[in-house]
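My questions will all concern the structure given below.
The values are calculated or read from the model by the stated rules, or taken from the named source; none is laboratory data. A quick note: this is a predicted structure, and the numbers were derived from the prediction, not measured. Because the Cβ atoms are built from the backbone with ideal geometry, glycine has one as well, and the counts that use them run over all protein chains shown. Just so you know, the surface numbers come from the protein's heavy atoms only, side chains and all, with ligands and any DNA or RNA stripped out. Shrake-Rupley method; radii C 1.70, N 1.55, O 1.52, S 1.80 Å.
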Amino acid sequence: MNFYDPDKAVFCSKPASIQNSIDIASDNWVTFFQKLGVLNDGFADLYPDFRINWLNKQFDNLTGKSVLELGSLEGAHTLQYEELGCSDVIGIESNEAHFMKSLLIKNAAASSNIQFLLGDFSSYLKNCKRRFDLISACGVLYHMINPMEIIGSCSMISDTIFIWTVIYNKKWICNHGVKAMSKNKVQFQAGYSLIQLFQDYGTESQCREALFKL
């Protein structure tokens with residue numbers, strides 16, 4: 001999407017509607033947003049998400065809470081937090097395409113208590129001067145080179161952290177085999193070796209020990 005080249009400007013001639021804005025992303029959606037009243041080709045049923053409903057029950061209720069969401073994707077969870085009564089919700093997303101789609105969703109839902117920020121949440125956490133009632137880290141820690149550092153940074157600005165993640169379980173792997181871990185191909189970060197990955201993450205017992213020290 002080019003905002004500055006007038007020669008590449010695209011104009012919509014259809015009658016004005018929210019659906020037209022959703023169609024801008026064409027077939028590049030992840031989340032299925034039909035329950036929001038729009039049609040898109042997302043494949044993940046993240047709105048509403050049972051994990052956020054579960055969290056709301058554990059909290060008794062989230063009404064009036066401030067929330068920082070790490071890795072907000074297209075805004076499905078962010079929107080759900082607002083619908084559950086949260087008064088101030090900030091979602092941080094580093095993927096520019098996902099960030100732009102989250103703005104479309106915010107507009108479609110006419111949300112007033114949500115703000116989306118584009119960029120790296122690791123550095124944001126280190127420099128954040130305010131506190132939040134809740135930090136949500138759902139499906140992001142396994143993307144991090146140093147997930148324990150992220151948890152530590154979160155603990156400095158909130159007393160409550162919601163984590164949903166994938167972990168390494170040696171016993172499970174031995175029983176089921178590596179091929180059963182995922183239907184997707186294993187992805188490696190350029191310049192980051194598998195040996196270095198194991199050295200940074202440590203063993204399962206080391207991770208548990210570090211976690212309980214926070």
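Only one of these conditions is not met by LYS183: (1) modelled with pLDDT of 95 or more; (2) in a loop (DSSP other than H, G, I, E, B). Which number is it?
It fails just one condition, (1).
Cβ-Cβ distance below 6 Å, separation of 6 or more or different chains: which pairs start in the range 146-170 with a residue that is free of Cβ contacts under 8 Å to residues at least 40 places away in the same chain and end on one that is outside any loop (DSSP other than H, G, I, E, B) and open to solvent by 70 Å² or more (accessible area, probe 1.4 Å)?
Hits for this filter: SER153/LYS126; THR165/TYR142; VAL166/TYR142.
Within the range 133-167, track down each residue that is assigned to a loop (DSSP other than H, G, I, E, B) and under 22 Å from LEU62 (Cβ atoms).
Of everything in the range 133-167, those that are assigned to a loop (DSSP other than H, G, I, E, B) and under 22 Å from LEU62 (Cβ atoms) turn out to be ASP133, GLY139, VAL140, MET156, ILE157, SER158, ASP159, THR160, THR165.
Out of the range 1-17, which residues are open to solvent by 100 Å² or more (accessible area, probe 1.4 Å) and at pLDDT below 95?
Hits for the range 1-17 are MET1, PHE3, TYR4, PRO6, ASP7, LYS8, VAL10, PHE11.
Follow-up question, since we're still on this one. Out of the residues in the range 18-58 that are aromatic (Phe, Trp, Tyr) and open to solvent by less than 40 Å² (accessible area, probe 1.4 Å), which is nearest to GLU69 (Cα to Cα)?
TYR47
Moving on. Filter the helices (runs of 4 or more DSSP H) completely within the range 17-113 down to those with at least 3 residues that are over 16 Å from the mean Cα position of the chain (by Cα), free of Cβ contacts under 8 Å to residues at least 40 places away in the same chain and under 26 Å from LEU125 (Cβ atoms).
Per the criteria, 50-58.
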